[in-house]
Amino acid sequence: MSGTSAIALIQGASRGIGLQFCKTLLLRNSATTVVATCRDPNSSSELAQLKVNNDRLHVCKLDVTKENDISDVSKYVTEKFGKLDLLINCAGMLHPSGKGETSLRSVDGQDLLLTLHTNAVGPLLMAKMFSPLLLNGNGQFGVLSADPKATHCGIIANMSAKVGSITDNGLGGWYSYRMSKAALNMATKNLSIEFGRGRKKIICVSLHPGTVNTDLSRPYHKNVPNLFTTEYSVDCLLKVIDSLTVEDSGKFFTYDRTVLPY
Ligand SMILES: NC(=O)c1ccc[n+]([C@@H]2O[C@H](COP(=O)([O-])OP(=O)(O)OC[C@H]3O[C@@H](n4cnc5c(N)ncnc54)[C@H](OP(=O)(O)O)[C@@H]3O)[C@@H](O)[C@H]2O)c1
């Protein structure tokens, strides 16, 4: 990353991995400004605490299932900065009940739709409304190519999950979550094609953070021998983001930069 001002937007920053992205990005480079979005800025005490004495953190209200919220924040970023270098779509839910379905019997249409809306539709609309700003970015994250015609101006990182890999699915279950992350991965692939065509390019990737100690994974912690801290996962994911080139666009990376099959 170069020394000039970089703008990163973390969508879903009230807690867990999204909150940690904000903390780490602010700490590691004094030239980075972070726009942190969350459903209810008043109820995230950790984000409010981070904001104290930190004029490089902007907190905006955004429910990713509400198009008006997405549009309002894109107007805010346009007026304040006129560009964006990195968009991380981090908000996500396992299932409205907090636990994945164990069999088809427990699938509920409304729960499935809400999971799809939050995990796949919302991130795609984020890409739609923030891509004009990313096209104004100046490649502050990732590796710039020596060839100005083959380089990128911005990055979209969609927080996916290994269980969204169709190839890797050996266990079944978790219909809503698996389907929503598979749909998100298809969005990543499509975006990479669309934003790989023009003179200005946006790198689009899906990321798997490992199994991380957050509220989302809490019901399953006892089954996980190697549970990551948010600090460790985000350090790994930022190393992956820092290493991205245009050739990586459209891929699905784990925290250790292994490429997962869709
Ligand atoms: N933890 C893991 O082991 C793991 C593994 C693989 C993938 N992931 C993925 O990593 C991402 C972050 O998960 P996490 O573990 O940090 O989960 P988490 O601690 O449960 O946090 C979930 C975040 O999503 C936000 N959110 C949910 N619905 C939203 C909506 N409609 N609009 C805006 N924000 C919304 C929550 O905001 P509120 O505070 O307002 O509820 C919260 O900030 C997710 O996409 C998840 O699927 C996590």
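Rule-based calculations on the coordinates, nothing more; no lab input. Every value quoted in this text rests on a predicted model; they were computed, and no experiment measured them. Heads up, the Cβs are rebuilt from the backbone with ideal geometry, glycines too, and the neighbour counts pull from every protein chain shown.
Here are a few things to note about the model shown:
- Calculated mean residue ellipticity at 222 nm for the chain: -11000 deg cm²/dmol, from DSSP H runs with n ≥ 4 weighted as -39500 (n - 2.57), summed, divided by the residue count and rounded to 500.
- Cut-off 12 Å between beta-carbons: net charge of the residues surrounding residue 161, Lys and Arg +1, Asp and Glu -1: +2
- Most tightly packed first, judged by the mean number of other beta-carbon atoms within 10 Å of their residues, the peptides 220-229, 245-254 read 245-254, 220-229.
- Equivalent ellipsoid dimensions for the chain as semi-axes, Å, which come from the Cα gyration tensor, largest first: 27, 21, 18
- Footprinting exposure proxy ranking of 156, 166, fewest other C-beta atoms within 10 angstrom first, gives 166, 156.
- For the peptides 106-115, 206-215, residues were scored by their other Cβ atoms within 10 Å and the scores averaged per peptide; the highest-first order is 206-215, 106-115.
- Counting DSSP beta bridges with both ends in the chain, the antiparallel % (nearest 5): 5
- Net charge, residue 138 excluded, C-beta distance under 11 Å - Lys, Arg +1, Asp, Glu -1: +1
- About its Cα centre, the dipole of the chain is roughly 240 debye, where the only charges are +1 on Lys and Arg Cβ and -1 on Asp and Glu Cβ.
- Where only C-alpha atoms are counted, convex hull volume of segment 104-229 per residue in Å³: 141
- Kirkwood hydrodynamic radius of segment 1-155, from inverse mean 1/r over distinct Cα pairs, in Å: 16.5
- Debye, to nearest 20: dipole size of segment 69-217, +1 on Lys, Arg Cβ, -1 on Asp, Glu Cβ: 500
- By average C-beta atoms within 10 angstrom, highest first, the peptides 25-31, 73-79: 73-79, 25-31
- Of 30, 8, 153, farthest towards positive along the dipole that unit charges on Lys, Arg, Asp, Glu beta carbons give the chain: 153
- Taking amide H atoms as placed 1.01 Å from N in the peptide plane, the amide H of residue 58 lies under 5 Å from those of 34, 35, 36, each 5 or more residues away in sequence or on another chain.
- Sum of side-chain charges, residue 223 neighbourhood, beta-carbon under 15 Å (Lys, Arg +1; Asp, Glu -1): +4
- Coupling constants for segment 236-243 follow from the phi torsions by the Karplus curve (6.51 cos²θ - 1.76 cosθ + 1.60, θ = phi - 60°), and in residue order they are 5, 5, 5, 5, 4, 4, 4, 8 Hz; glycine and proline get x.
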